[in-house]
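J.: Handing you a structure now.
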Amino acid sequence: MAKVIQIPVSDDEYAKLEEKANAEGSTVAQYVKDIILPGNDFRRWFPELTQRVNSMQMGTDFNIRAVMGTDWVNIPKGIKLALGRVFYQHVDAGKVANVTATQMDSAKTQWYTKKEDNQ
C-alpha cells in the first residue's frame, strides 16, 4: 500500500515548487518525488509517453498501456501509476495537444482520443 507524506509549505514555497514542476511538465507531487527519489524513472518515461502520443495519427483511441507497448512490462508499477495520473492531469489541463480523455473502462483504464485541431 502506498504511503502519503505531508509537509507544510508556505504559499510562496508552493508557488516556487509549482513553477519548477510546470517547467518540467510535472505535477508538484511528482516533482518533489523526483527530487527525493531521483532514480525513479518517471523523468525517463513521461517524455517518451508524450512523444509517442504526439506522433500518433489523428482519430486514434488509445490508453497509456497500449501506447507504451512492450516497454510497459519494464516500467515499475509506481511509475505506471504516476504516468497515468500525470498524463490525465496534463490532458485535463489542455497541456497535451489534440488529446481528449474519453472513458474509463471496467478495468479502470482511462481511454483517450487523438483528435483533429478543430474538434
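Each value in this text was obtained by applying a stated rule to the coordinates, not by laboratory testing. Being a predicted model, the structure only gives us computed values, none of them experimental. Backbone-built Cβ (ideal geometry, glycine too); neighbour counts: all protein chains shown.
J.: Compute a Gaussian network model of the chain, connecting alpha carbons closer than 10 Å, and tell me which residue from E13, E24, E48 fluctuates the most.
T.: E13
J.: Could you tell me which residue out of Q103, V73, G39 lies farthest along the dipole of the range 11-114 toward its positive end? Charges go on the beta carbon: Lys and Arg +1, Asp and Glu -1, centred on the Cα centre.
T.: Farthest towards the positive end: V73.
J.: Identify all lysines with a Cα-Cα distance to K80 below 26 Å; exclude those on the same chain that are fewer than 8 residues away in sequence.
T.: Of all the lysines, those that pass the test against K80 - Cα under 26 Å, at least 8 places apart if same chain - are K3, K20, K33, K95, K108, K114, K115.
J.: Please report, in debye to the nearest 20, how large the charge dipole of the range 27-82 is about its Cα centre when each Lys and Arg carries +1 at its beta carbon and each Asp and Glu carries -1 there. Display every interim value, and only then the final one.
T.: Details: 7 positive and 5 negative charges, 26 e Å.
The dipole of the range 27-82 has a size of about 120 debye.
J.: OK, next. Build a GNM of the chain with springs between Cα atoms under 10 Å: which of Y31, Y14, Y88 gets the top mean-square fluctuation?
T.: Looking only at Y31, Y14, Y88, the largest GNM fluctuation is found for Y14.
J.: Follow-up. With only alpha-carbon pairs counted, each pair once and no self-pairs, how large is the Kirkwood hydrodynamic radius of the range 11-114 in angstroms? Before the final figure, lay out each step's value.
T.: Numbers: mean 1/r = 0.0694 Å⁻¹.
This gives a value of 14.4 Å.
J.: Provide the gained length on full extension for the span E24 to K77, in nm with one decimal, where the gain is 0.36 nm per separating residue minus the Cα-Cα distance.
T.: On the way: separation 53, 0.36 × 53 = 19.08 nm, distance 2.17 nm.
That works out to 16.9 nm of additional length.
J.: Oh, and also: Suppose every Lys and Arg Cβ carries +1 and every Asp and Glu Cβ carries -1, with no other charges. What dipole size does the chain come out with about its Cα centre, to the nearest 20 debye? All intermediate terms of the calculation are to be shown ahead of the outcome.
T.: Numbers: 15 positive and 15 negative charges, 97 e Å.
For the chain, the charge dipole is close to 460 debye.
J.: Which FRET efficiency value, to the nearest 0.05, is calculated for V9 and T113 with the Förster distance at 41 angstrom and r the Cβ-Cβ distance? Can you show the working numbers first?
T.: Working: r = 37 Å, r/R0 = 0.90.
Result of the calculation: an efficiency of 0.65.
J.: In the Gaussian network model of the chain, springs joining C-alpha atoms below 10 Å, which of K16, K77, K108 carries the largest mean-square fluctuation?
T.: K108
J.: On to the next question. Determine the sum of side-chain charges near V9: Lys and Arg each +1, Asp and Glu each -1, restricted to other residues whose C-beta is under 11 angstrom from that of V9.
T.: On the way: positive: K16; negative: D11, D12, E13, E18.
Here the count lands on -3.
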